Amino acid sequence: MLKIDIQHAMLTSEGKKNLEICTEVDPKELLCLFGHSGAGKTTLLRILAGLIRADKGCIVFDNDIWFDSVRKINLSPQRRNIGFMFQDYALFPNMSVEGNIRFGQKGEKTETIENLLALFDLMSLRKQKPGQLSGGQKQRVALARVLASKPSVLLLDEPLSALDYEMRHLLQQEIQKVHERLKTTTLMVSHDIREVVHLATSVIILKNGAVISKGNPRAIFNETIQLLNESPFQESFISVKSPVF
Amino acid sequence: MEQDFWETVLLTGKLAGWTTVILFMIGFPVAYLLAYKQLFFKHLVEALISMPLVLPPTVLGFYMLIAYSPQNAFGRFLEQYFDLRLAFSFEGVLIASVIFSLPFMIQPLQNGLKSIPCSFREASYTLGKSEFVTFFRVLVPNMVPSIITAIAMTFAHCIGEFGVVIMVGGNMPGETRVASIAIYDEVQSLDYATANQYSFVLFIISLLILTLIYSINGKKTII
């Protein structure tokens, strides 16, 4: 169980906002963070990863205290055993596909690398450098690298945002497959209502740093989904006019 | 004459080589701190490091000479405790050369570190890797052109250094007489042939170094 109770002043393009989150993420859950730009989704992921220090509060995973402002505990990212997948994938250009995945590994087991290469259909690309890969291939390598470290919590920052519709759909299935197989607690940032409904077991909707809704994505987005299905080309219009905002 | 020529050329290479090695050791940690850490006096440190770019070499040479003098605290300390006189010695010139070449090593390294997307470092940390491992396995291999530029620029700059060397070291054959000083000296004594020999060596070395920098930077722009 991941318990989050934090407050943090963020500087966004619209000025200063206060991020206030108090929630619990069940084990094996795939929680989507949904909201407009500047709502605090990425900031929350970075705070959980230990890349940003929250101003106040605490973060506890199972019995491990990751952050406690009162007791002045703040574990470094290296000690939190998280897997963070960045928007730009952050694959190291000097390493091959296999090298990147091996870098994520904590032991020296070749078996794990082989399994991950097979799982993500990367066997034929193992010697390629990131610069030679397509967006979808990079995404698979990044996900494989993150999983090589066997994280307790998986943090995915808009992992599919840079991909076209077809590739997105394909990789949504990939993420779902991995989550069903490994059952790692996962928090994922997304802007796409369909993606949230398709992948998430629950969703948190953030607005200006505050949680305005939490629950089952189907229940929350029911009305919006109906509108989308009736008129799919009005997606951008609906995301603005959606009743949840 | 021939022996003097090669002695001077070798001394020039020795000064440039040692300056580059010492600066590489000092420069990398300093560049890392300036690129990634929040330091209180960061801008002042950056300004001090960049001073040799705008300051006449004779100014730095003058202050170094004053500092080395046994009549001042630093010089007196060196003489009393280490029996060392730095003025008009190779070691004195080397220290001055290190200080004067600081920006040529640190700035390319700092720019190289800054040009690496910060998500690379963060990805490495979240994969459980320490700053040390991240530095050697992620940062250094992805900034090779900047490292080569820093080394080549420092070496090339030292090869041609004149003002600081003449102020701190004078013109002592085999000790402080480097090629650029020899050129000046030979021209003063109207020996244009020897001056031409030194000039040609400096010209070729500088050209080779700059060609190396441009060819490496031209090739490696894809990250």
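The residue of the stretch A:34-61 that is nearest to the other protein chains (Cβ to nearest Cβ), among those that are of a type in the set (Lys, Arg) and loosely packed, with under 15 Cβ neighbours inside 10 Å, is A:53. Are any of the residues in the stretch A:177-186 in a strand (DSSP E or B) and closer than 22 Å to residue A:83 by Cα? Checking the stretch A:177-186: at least one residue is in a strand (DSSP E or B) and closer than 22 Å to residue A:83 by Cα.
Among the residues of the stretch A:88-131, those that are at pLDDT 90 or above, charged (D, E, K, R) and in contact with a Lys or Arg (Cβ under 9 Å, 6 or more places away or on another chain) comprise A:98, A:102.
In the set A:49, A:39, which member is under 30 Å from residue A:131 (Cα atoms) and either of a type in the set (Phe, Trp, Tyr) or under 16 Å from the mean Cα position of the chain (by Cα) (or both)? Talk me through it step by step, then tell me what you get.
Details: A:39 fails: under 30 Å from residue A:131 (Cα atoms).
Just one listed residue meets the conditions, A:49.
Residue count for the stretch A:88-105, restricted to those that are in a loop (DSSP other than H, G, I, E, B) and either of a type in the set (Val, Ile, Thr) or in contact with a helix residue (DSSP H, G or I) (Cβ under 8 Å, 6 or more places away or on another chain) (or both): 9.
Can you confirm whether residue A:151 is in contact with a helix residue (DSSP H, G or I) (Cβ under 7 Å, 6 or more places away or on another chain), under 19 Å from residue A:98 (Cα atoms) and at pLDDT 85 or above? When the stated conditions are applied, residue A:151 does not pass them. Close contacts from the stretch B:116-134, counting a first residue that is under 16 Å from residue A:52 (Cα atoms) and more than 7 Å from chain A (Cβ to nearest Cβ) and a second that is among the β-branched types (Val, Ile, Thr) and crowded, with 22+ Cβ neighbours inside 10 Å, with Cβ to Cβ under 6 Å and a gap of 6+ residues or different chains, come to B:124/B:138.
Scanning the stretch B:129-166 for residues that are touching a Gly at 6+ places or on another chain (Cβ under 8 Å) and either over 30 Å from residue B:184 (Cβ atoms) or surrounded by fewer than 21 Cβ atoms within 10 Å (Cβ to Cβ) (or both) yields a count of 5.
Contact annotation: residue pairs with Cβ atoms under 7 Å, 6 or more positions apart or on different chains, pairing a residue in the stretch B:38-49 that is part of a helix (DSSP H, G or I) with a partner that is of a type outside the set (Ser, Thr, Tyr), are B:42/B:34; B:45/B:34; B:45/B:39; B:46/B:34; B:49/B:102; B:49/B:103; B:49/B:106. When each of B:112, B:92 is tested for being within 14 Å of chain A (Cβ to nearest Cβ), out of contact with any His (no Cβ under 6 Å at 6 or more places or on another chain) and at pLDDT 90 or above, the lone residue that passes is B:112.
Return the total of residues in the stretch A:62-86 being within 14 Å of chain B (Cβ to nearest Cβ) and not basic (Lys, Arg). Reasoning before the result, please.
At the first step, the residues of the stretch A:62-86 found to be within 14 Å of chain B (Cβ to nearest Cβ) are A:66, A:74-86.
Now drop any that are not not basic (Lys, Arg), which leaves A:66, A:74-78, A:81-86.
Number satisfying all stated conditions: 12.
Based on this model, can you work out whether residue B:137 counts as more than 9 Å from chain A (Cβ to nearest Cβ), in contact with a Ser or Thr (Cβ under 9 Å, 6 or more places away or on another chain) and among the basic types (Lys, Arg)? When the stated conditions are applied, residue B:137 does not pass them. If the condition is being in a strand (DSSP E or B) and at pLDDT 90 or above, then the stretch A:35-58 contributes A:56, A:57, A:58. Would you say residue A:84 is touching a Ser or Thr at 6+ places or on another chain (Cβ under 6 Å) and not in a loop (DSSP other than H, G, I, E, B)? In short, yes. In the condition set (1) within 30 Å of residue B:145 (Cα to Cα); (2) within 12 Å of another protein chain (Cβ to nearest Cβ), residue A:97 is compliant with all but (2).
For every residue, the table says whether it meets (1) more than 20 Å from residue B:124 (Cα to Cα); (2) not β-branched (Val, Ile, Thr).
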residue	(1), (2)
A:139	no, yes
A:149	no, yes
A:153	no, no
A:167	yes, yes
A:177	yes, yes
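Set side by side, the residues A:28, A:127 differ, and just one is away from every other protein chain (no Cβ under 12 Å), within 30 Å of residue A:8 (Cα to Cα) and part of a loop (DSSP other than H, G, I, E, B), which is A:28.
Once the stretch A:158-174 is narrowed to residues that are among the polar types (S, T, N, Q) and not in a loop (DSSP other than H, G, I, E, B), the residue that is farthest from residue A:86 (Cα to Cα) is A:173. In this structure, is residue A:70 of a type in the set (A, V, I, L, M), over 30 Å from residue B:143 (Cα atoms) and at pLDDT 90 or above? It is true that residue A:70 is of a type in the set (A, V, I, L, M), over 30 Å from residue B:143 (Cα atoms) and at pLDDT 90 or above. Residue-level check: of (1) modelled with pLDDT under 85; (2) surrounded by 22 or more Cβ atoms within 10 Å (Cβ to Cβ); (3) in contact with a Lys or Arg (Cβ under 9 Å, 6 or more places away or on another chain), residue A:85 misses just (1).
Of everything in the stretch A:139-167 that is crowded, with 21+ Cβ neighbours inside 10 Å and farther than 30 Å from residue A:60 by Cβ, the residue that is farthest from the other protein chains (Cβ to nearest Cβ) is A:140.
The values are calculated or read from the model by the stated rules, or taken from the named source; none is laboratory data. As the structure is a computational prediction, the values presented were derived from the model and not from experiment. Neighbour counts are summed over all protein chains in view; Cβ atoms, including those assigned to glycine, are modelled from backbone coordinates with ideal geometry.
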